[in-house]
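Written below as structure tokens is the structure these notes are about.
The values are calculated or read from the model by the stated rules, or taken from the named source; none is laboratory data. Given the structure is predicted, the values throughout are model-derived calculations rather than measurements. Because the Cβ atoms are built from the backbone with ideal geometry, glycine has one as well, and the counts that use them run over all protein chains shown.
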Amino acid sequence: MSHSQFNPPGPQLLKDIKDVVGDAGWKNLEDAPRHLDDPRGRFMGRGCLVVLPDSTEQVAAIVRLCDTARVGVVPYSGGTGVVAGQLSIDTDNAIIMSLERMNKVRQVLLDDNVIVAEAGCILENVHAAAQQHGMMFPLSMASKGSCCIGGNLATNAGGIQVLRYGNMRDLCLGIEAVLPNGAILSELSPLHKNNTGYDLRHLLIGSEGTLGVITAASLMLRPVDPETATAFLAIRSPAHALKIYNEIKGHLGDAVSALELMSGLGLELVASAFPALRNPFEPGCEWALLLEATGPLGIGDRLQSALAGCLDKELLVDAIVAHSQSQRNSLWDLRENTPEANRMAGAFCNSDTSVPISRVDAFISDTAKAICEIHPDVRINSYGHIGDGNIHHNVMPPAGMTKAELVASNPGIVDAVRMAINEVSHRHGGSISAEHGIGRLKTRDLETFAGKARYDTIRRIKLALDPNNIMNPGALID
């Protein structure tokens, strides 16, 4: 069903929805501008009503009403998504469903090492709830103060600790969701083994709200490790980063929890944009590696011993090891402020692709060549989660030129660069979306680069579960 075939919500439907949630449970669009904003400023959301249910039963009642009326529902979580998955951008006929009032931690089950959290819980608040019980929830990212559990699940979020703990899919044992017909799937039991047919939990995680509205989840907790060791390394190339990682794994095993690649350009951009932050290496450092390991007492000494071995083998140029939480925070600030520094520098393309780890070095090199064939003078900041093959290329105008000036003088450059990155990723056996999802930004890209069998299966699943196409219409598949 195309968007033009959607029924506009009539006055009776809107009244019925408002009756479900009460006066505190809905807003007109003009009173809810943040629900229409795109974090990167490329899109403007549309719709006819923002509805804010406070229970799974209210979500189910609203979805049943919309399914009967064939009116689209766009689930909204923290609003931090960067591929427009949370925005209705081409129709005013959608109901925007924000789960921000469903923000309770329902249970902490210490014997099961599980926290049961509603979809509107902010990720950082889940961290705090786990810490109150001497535990930790491993998912972490720069947007942790604003992103929400529902969106993390809907996009199968990754973040900085995928290397050790996996994506959101690996951290979720149970799920509660409202399906497109309004039925409630209640499977929050923290089972580690459940071999009763199709895994509906994993089907819903990563589906970007197109197969239902996730309302709560049972999330895996981990004990807090006694010691954390953080090092910042000056290296010669991404290939050396992977050699260092393999060397350190020989000393520390699976204790390495984060491995973040930064370019020399990226360090310069962050230091320039945030004067309180200092590039600890000499100018001319081409690449840097932020490495963190957690484990029993003594993990720091073991890391330093491993780094000494890397120096002896000339795998790294220089190394800084944090000796306090303040120093650790300063090193992480260099990484976590990189997206904002890119934005301030006028980044016009922000990629999110992945390749096999063995292909990272060639991927970075080949991508730079492909982009420079489009425009030889643009600047490319390649950085990201090198330990899981997820490298972000942020492409900026030449120094002294604004983003607007570049785009105006080079029509089509944004799409040309994006497609060049996709093509190089695909050629190296990679994925066009590593952790941000498809949303509405990449629907054509998915159709182009997904294999026919995969794409057809996605469409068939969508049609089977949501025959009226009311769940986040226009996201993932067009």
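Where residues in the range 140-150 are touching a residue at least 40 places away in the same chain (Cβ under 8 Å) and assigned to a loop (DSSP other than H, G, I, E, B), which of them is nearest to Glu57 (Cα to Cα)?
The qualifying residue nearest to Glu57 (Cα to Cα) is Cys147.
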Residues within the range 303-341 that are touching a Gly at 6+ places or on another chain (Cβ under 8 Å) and either assigned to a helix (DSSP H, G or I) or at pLDDT below 95 (or both), tallied: 3
Filter the range 354-381 for residues that are assigned to a helix (DSSP H, G or I) and among the hydroxyl-bearing types (Ser, Thr, Tyr); the one that is surrounded by the most Cβ atoms within 10 Å (Cβ to Cβ) is Thr367
Filter the range 226-254 down to the residues that are modelled with pLDDT under 95 and over 22 Å from Glu314 (Cβ atoms) and list them by number. Gly253, Asp254
Scan the range 262-282 residue by residue and report those that are outside any helix (DSSP H, G or I) and touching a strand residue (DSSP E or B) at 6+ places or on another chain (Cβ under 7 Å). Met262, Ser263, Pro280, Phe281
Every residue in the range 37-60 that is surrounded by fewer than 21 Cβ atoms within 10 Å (Cβ to Cβ) and among the hydrophobic types (A, V, I, L, M, F, W, C), please. Phe43, Met44, Cys48, Leu49
So which of Val20, Val74, Val63 ends up being buried (at least 21 other Cβ atoms within 10 Å of the Cβ), assigned to a helix (DSSP H, G or I) and either in contact (Cβ under 8 Å) with a residue 12 or more places away in the chain or in contact with an Asp or Glu (Cβ under 6 Å, 6 or more places away or on another chain) (or both)? Val63
Taking the range 144-155 and keeping residues surrounded by fewer than 23 Cβ atoms within 10 Å (Cβ to Cβ) and either within 10 Å of the chain's Cα centre (by Cα) or not small (Gly, Ala, Ser) (or both) leaves Lys144
In the range 448-467, is there at least one residue being within 19 Å of the chain's Cα centre (by Cα), within 24 Å of Lys369 (Cα to Cα) and part of a helix (DSSP H, G or I)? no
I'd like the full set of residues that are among the charged types (D, E, K, R) and touching a Cys at 6+ places or on another chain (Cβ under 9 Å), limited to the range 238-266. Lys243, Glu247
For the range 30-79, what are the residues that are modelled with pLDDT of 95 or more and on the phi > 0 side of the Ramachandran plot? Arg70
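Take the conditions polar (S, T, N, Q), at pLDDT 95 or above, farther than 27 Å from Thr228 by Cα and within 23 Å of the chain's Cα centre (by Cα) and apply them to Asn410. Does it pass? Full working, then the answer.
On the way: polar (S, T, N, Q): yes; at pLDDT 95 or above: yes; farther than 27 Å from Thr228 by Cα: yes; within 23 Å of the chain's Cα centre (by Cα): no.
Here the answer is no, as Asn410 does not meet what is asked.
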Of all strands (runs of 3 or more DSSP E) fully inside the range 88-138, the set with 3 or more residues that are in contact with a strand residue (DSSP E or B) (Cβ under 6 Å, 6 or more places away or on another chain), modelled with pLDDT of 95 or more and surrounded by 17 or more Cβ atoms within 10 Å (Cβ to Cβ) is 95-98, 114-118
Of all the residues that make up the range 283-295, how many are farther than 18 Å from Gln161 by Cβ, touching a strand residue (DSSP E or B) at 6+ places or on another chain (Cβ under 8 Å) and of a type outside the set (Asp, Glu)? 3
Of the conditions (1) out of contact with any Lys or Arg (no Cβ under 6 Å at 6 or more places or on another chain); (2) surrounded by 14 or more Cβ atoms within 10 Å (Cβ to Cβ); (3) farther than 20 Å from Val256 by Cα, Asp333 clears all except one; give me its number. (3)
Criterion: under 25 Å from the mean Cα position of the chain (by Cα) and without any contact (Cβ under 8 Å) to a residue 12 or more places away in the chain - qualifying residue of Asp415, Asp361, Asp388, Asp366: Asp415
Of the residues Leu465, Leu406, Leu441, Leu476, which is aliphatic (A, V, I, L, M), farther than 27 Å from Leu242 by Cα, out of contact with any helix residue (DSSP H, G or I) (no Cβ under 8 Å at 6 or more places or on another chain) and surrounded by 19 or more Cβ atoms within 10 Å (Cβ to Cβ)? Leu441
Long-range neighbours under 9 Å by Cβ, at least six apart or interchain, first residue in the same structural domain as Gly72 (by TED's automatic domain parsing) and touching a residue at least 40 places away in the same chain (Cβ under 8 Å) within the range 25-48, second among the β-branched types (Val, Ile, Thr) and in a helix (DSSP H, G or I): Gly25/Ile17
Look through the range 206-241, keep the residues that are hydrophobic (A, V, I, L, M, F, W, C) and surrounded by fewer than 20 Cβ atoms within 10 Å (Cβ to Cβ), and return whichever of them is farthest from Pro138 (Cα to Cα). Ala239
Scan of the range 304-326 for residues that are surrounded by 14 or more Cβ atoms within 10 Å (Cβ to Cβ) and within 25 Å of Ala142 (Cα to Cα), ordered by number: Ala319, Ile320, Val321, Ala322
